[in-house]
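The values are calculated or read from the model by the stated rules, or taken from the named source; none is laboratory data. What you see is a predicted model, and the numbers here were worked out from it, not measured in a lab. Neighbour counts are summed over all protein chains in view; Cβ atoms, including those assigned to glycine, are modelled from backbone coordinates with ideal geometry.
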C-alpha cells in the first residue's frame, strides 16, 4: 500500500524538487524573465490555489484502458515542438509494428491536428490522493527551502515546484502498469519530462532522449541511456553541462550518444522568393520595436512574412494584427496554424535573434541573419554566429545591406549546418526519424546500428 510513497520518496532523495523543476530551481539567475515576470497568482495562498486548480483541470473520468497494457515504447510530448520532433520516429515505429503508447497534455492534443494516436495526460483519483499526500508531507519544507534559495520563488513559483508531485504520481502509476522497455522524450529540462525520466530511472526502464531544439551550457547534465543528438555541437555543449546535476543523483547511466541529425521534418526550399524576408520574433522581443523594424523593411520595398513566437502574449499578437492586418507587403504567420516548414517555404531570408529557428532556416535552404531587436542577456546564445551558421547584423542598415548583397545567390554554409545537424546533405537527410526508429529497434534486439548510419556511439565524457 505504501510502496508507492517509499519509491517516490527515494526518487526525490536522488533528485529533489529543486532539480526536477530545473529551470526555476537551478537556472533562475540565467532566466531573467522568470524574475521580471509578475504572476497573477503571487503569494503562498494563491500559489497553493493555483496548484490545486491545475490538479482539478487534469482530472478525468474517462477510462484509459491503453494505460494498463504492457508496451515496448512509451512516448511523452509536453509541447508542440516536442511533438513535431517525435512525429517521424513514432510513425516509423508504428510502421515496423512496434507496440508503443504516446501521451500528451489534453490542451496540446486539442490544438494539434496531427496528434492522432496520442492519449491525453489525465489524473485519476488515486493520483490525486498521492499528490496531496506528497504535498502535505513535503510542501512546507519545500516552501522554506525556496524562500532561503530565492526570496521571491516561494511566492511566485511555488505551484511550479509542487507540480513535481503531480507528475511523479502520474508517471509512477502509468510506467508501473505499462512496464515499457524504453521511455522516449524530446526534452530534458521541463518538469513533466524530468519527472518521467526520474521515475523510469528508478524503475530500471531504459531512457531515450531526442533533441528537439538547439541546446546551451545551462542545460542539465545529460543522463539517459541513449541520447539522439542533432550533431557535434550538441555533444560539445552537453559536455559543458556535466556539472549541472545534483550530488545525490543515483540509478542513472552515463548516456551513449548517437548523432542523428535534426528531427523535425522540414522541406528544402527550391523556389527563389527573391524579395520575401521572414522575421521570427522571440517572446521577449518588444512589440513596438518589432513593428517599427518590420515597417522599415516594408518601406524599403521588401515583402515581409512575420512569425511570432508560440508563447507570445495575446496582447502582442493583437498589436501585430492591428499594425499589419491590412498591409500589402506584410503577411503574418501564426505558429498555431502554420508549420515551421510552411513558413520557410515562403521566404528567402530569415531574420531573428536568439532562437533555434536559425538552424531550421539553414536546413530548409533559407539564409539566416542574426539581428537582435532587444539587447540580449547573452548574445549569440547558441553560437550560430561564432560557428558560421548565420550572418550577423548589428543595425537595420546592415540587415538591408546583407539582403541586397545576397539577393542573387546565397546558401547556408554546409560545414556550419552539419556541425549542428550531422545528417545534412547525407543519405539520412530528411529521414532522421527513420534513423532513430531503426536504431531503437536494433538496440532493443541487441543488434548493431545501421551500417550507413551517421549516428555512431560516443561517450559524453
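Out of curiosity, is residue 240 over 19 Å from residue 186 (Cα atoms), free of Cβ contacts under 8 Å to residues at least 60 places away in the same chain and under 23 Å from the mean Cα position of the chain (by Cα)?
yes
Would region 292-301 turn up any residue that is modelled with pLDDT under 90 and loosely packed, with under 13 Cβ neighbours inside 10 Å?
no
For region 324-349, what are the residues that are within 21 Å of residue 79 (Cβ to Cβ), surrounded by 19 or more Cβ atoms within 10 Å (Cβ to Cβ) and either in contact with a helix residue (DSSP H, G or I) (Cβ under 7 Å, 6 or more places away or on another chain) or modelled with pLDDT under 90 (or both)? Even if it seems obvious, please write down each step before you answer.
Residues of region 324-349 that are within 21 Å of residue 79 (Cβ to Cβ), as a first pass: 333-344.
Those still in the list that are surrounded by 19 or more Cβ atoms within 10 Å (Cβ to Cβ) too: 333, 340, 343-344.
Within region 324-349, 333, 340, 344 qualify.
In this structure, does residue 436 turn out to be part of a helix (DSSP H, G or I), within 25 Å of the chain's Cα centre (by Cα) and either buried (at least 19 other Cβ atoms within 10 Å of the Cβ) or without any contact (Cβ under 8 Å) to a residue 12 or more places away in the chain (or both)?
Taking the combined requirement at face value, the residue satisfies it.
If residue 141 satisfies all but one of (1) surrounded by fewer than 19 Cβ atoms within 10 Å (Cβ to Cβ); (2) closer than 22 Å to residue 20 by Cα; (3) touching a helix residue (DSSP H, G or I) at 6+ places or on another chain (Cβ under 9 Å), what's the number of the condition it fails?
(3)
Out of (1) touching a strand residue (DSSP E or B) at 6+ places or on another chain (Cβ under 8 Å); (2) closer than 23 Å to residue 307 by Cβ; (3) in contact (Cβ under 8 Å) with a residue 40 or more places away in the chain, the odd one out for residue 373 is which?
Among (1) touching a strand residue (DSSP E or B) at 6+ places or on another chain (Cβ under 8 Å); (2) closer than 23 Å to residue 307 by Cβ; (3) in contact (Cβ under 8 Å) with a residue 40 or more places away in the chain, the lone unmet condition for residue 373 is (1).
Count, please, the residues in region 1-18 that happen to be in contact with a helix residue (DSSP H, G or I) (Cβ under 6 Å, 6 or more places away or on another chain) and farther than 17 Å from residue 131 by Cβ.
Summing the residues that are in contact with a helix residue (DSSP H, G or I) (Cβ under 6 Å, 6 or more places away or on another chain) and farther than 17 Å from residue 131 by Cβ in region 1-18 gives 2.
I'm checking my understanding of the structure. Among residues of region 384-425 that are surrounded by 14 or more Cβ atoms within 10 Å (Cβ to Cβ) and at pLDDT below 90, which one is farthest from residue 297 (Cα to Cα)?
413
Consider region 376-399. How many of its residues are touching a strand residue (DSSP E or B) at 6+ places or on another chain (Cβ under 8 Å) and within 27 Å of residue 425 (Cβ to Cβ)?
So the answer is 8.
Within region 386-409, is there a residue that is within 26 Å of residue 82 (Cα to Cα), assigned by TED's automatic domain parsing to the domain that holds residue 290 and touching a residue at least 60 places away in the same chain (Cβ under 8 Å)?
Scanning region 386-409, I find at least one residue that is within 26 Å of residue 82 (Cα to Cα), assigned by TED's automatic domain parsing to the domain that holds residue 290 and touching a residue at least 60 places away in the same chain (Cβ under 8 Å), so the answer is yes.
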